[in-house]
Amino acid sequence: MQIEDLRIYIAVIKAGNFTAAAEQLMLSKQYVSRRIAALEESLGARLLNRNTRKLSVTDNGQIFAQHAQRILDDVQEAEQAVSGRRQVLQGSFRLSVPMSFGISHLSPFIAEFLSQHPGLQFQVELADRYVDMVGEGFDMAIRIGTLPDSSLIAKRLGVFRRVICGSPSYIQGAGAPREPEDLLQHACLRYGRESQTGWELFNGDQRKVMAVQGPMVSNNGEMLRDAAVAGLGLILLPEFIVAPALASGELMTVLDEWRPASLNLNALYPQHRQRSEVNRVFIAFLQEKLAKD
């Protein structure tokens, strides 16, 4: 087994197929395929399931990928330590970020980071879904809100307040809610899982969960914001999504004394990436930028 075979294997997982990995590595597709086959033969285990549309990683393949990535990180760290180039970051980096937040906030930060580290190649997926970090070859995911229990490492990047708001025309017609129970008589535009869990509100030590209803459920905050601006109902969203509409007067807050819980912004990555220099530098960069933002 050669270090180069490990690099090829990790590149295939991140790219999702032999062709894209071969292009990134500037190798032939046939050579990449042969090296993966030789790697599987030497291990006596299938690492990848192949079909005509895409590759998927087997259970053995996921376990091997964690160890392979750890070995590659150690090799890179050793090379950088000897050469004294610890801040010269190189290689590919696959990142998953939420759609709205990625476009509105992270996009300029990522561009600035890459301009500072031209040896890196970022592959960024904008999606609100939870990704399989190892199986899909992601190095890091940025997520907002409550994290599911997992073996992933989480580093907090910041905190976002949430507010309840609606358009002046809707509030004038339906009336402003004065107590959480009043929300049950309003059209409430709900984000994803809130359609099952309801809106959780706090006022000091008091806590109330309201099973609100309304004409729209969406997994995209910008769509809900636009629906609220159009007068379709009330929304409960992070301030970074609704701040421009609040500033322009297109939306106004209600029930200010009852606050939804704030949301944490976290960077998630697999345990085998905890010694990665790219992870460390990128997280520190985001923490600094978001603190100022």
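As a length-normalised measure over Cα pairs under 8 Å and 6 or more apart, the relative contact order of segment 1-160 settles at 22 percent. For Asn60 and Gln90, a Förster radius of 41 Å and the Cβ-Cβ distance give a FRET efficiency of 0.90, rounded to the nearest 0.05.
With contacts taken as Cα pairs under 8 Å and at least 6 residues apart, the chain reaches a relative contact order of 21 percent.
Using R0 = 35 Å, the C-beta based FRET efficiency linking Arg161 and Glu125 works out to 0.85.
Evaluating 6.51 cos²θ - 1.76 cosθ + 1.60 at θ = phi - 60° for every residue in segment 4-21, the Karplus couplings come out as 4, 5, 5, 4, 5, 4, 5, 5, 5, 4, 5, 6, x, 6, 5, 4, 5, 5 Hz, glycine and proline recorded as x. Classified by the C-alpha gyration tensor, segment 105-247 has a prolate form. Its axis ratio a/c, with a ≥ b ≥ c, is 1.5 or above, and a/b is larger than b/c.
Take the Cα of Gln185, step 7 Å toward its Cβ, do the same at Thr197, and the gap between the two points is 2.8 nm. Among the listed pairs Lys14/Lys289; Lys29/Lys54; Lys54/Lys155, those with a Cα-Cα distance over 21 Å are Lys14/Lys289; Lys54/Lys155. Net charge dipole, segment 188-293: roughly 440 debye, given to the nearest 20, about the Cα centre with Cβ charges of +1 for Lys and Arg and -1 for Asp and Glu. Where only DSSP H runs of four or more residues are counted, the chain gives -12500 deg cm²/dmol as its mean residue ellipticity at 222 nm, each run worth -39500 (n - 2.57).
Computed about its Cα centre, the charge dipole of segment 1-143 is approximately 340 debye, with only Lys, Arg, Asp and Glu carrying charge at their Cβ. Given R0 = 45 Å, the distance between the Cβ atoms of Ala38 and Arg280 translates into a calculated FRET efficiency of 0.85. Classify segment 86-128 from the C-alpha gyration tensor, please: rounded if a/c falls under 1.5, else prolate or oblate depending on whether a/b exceeds b/c. Because a/c hits 1.5 or more and a/b fails to exceed b/c, segment 86-128 counts as oblate.
Averaging the Cα positions of each part gives two centres, and for segment 167-230 and segment 279-293 these lie 32 Å apart. First check a/c for the chain, with a ≥ b ≥ c the square roots of the eigenvalues of its C-alpha gyration tensor; if it is under 1.5, answer rounded, and if not, answer prolate when a/b is larger than b/c or oblate otherwise. In terms of gyration-tensor shape, prolate. Across segment 34-51, rounded Karplus estimates of 3J(HN,Hα) from the backbone phi angles (6.51 cos²θ - 1.76 cosθ + 1.60, θ = phi - 60°) give 5, 5, 5, 4, 5, 5, 5, 5, 5, 7, x, 8, 7, 9, 10, 8, 10, 9 Hz, Gly and Pro being marked x.
Bear in mind that the values in this text are calculations on the coordinates, not laboratory data. Every value quoted in this text rests on a predicted model; they were computed, and no experiment measured them. All Cβ positions, glycine included, derive from the backbone under ideal geometry; neighbour counts span all protein chains shown.
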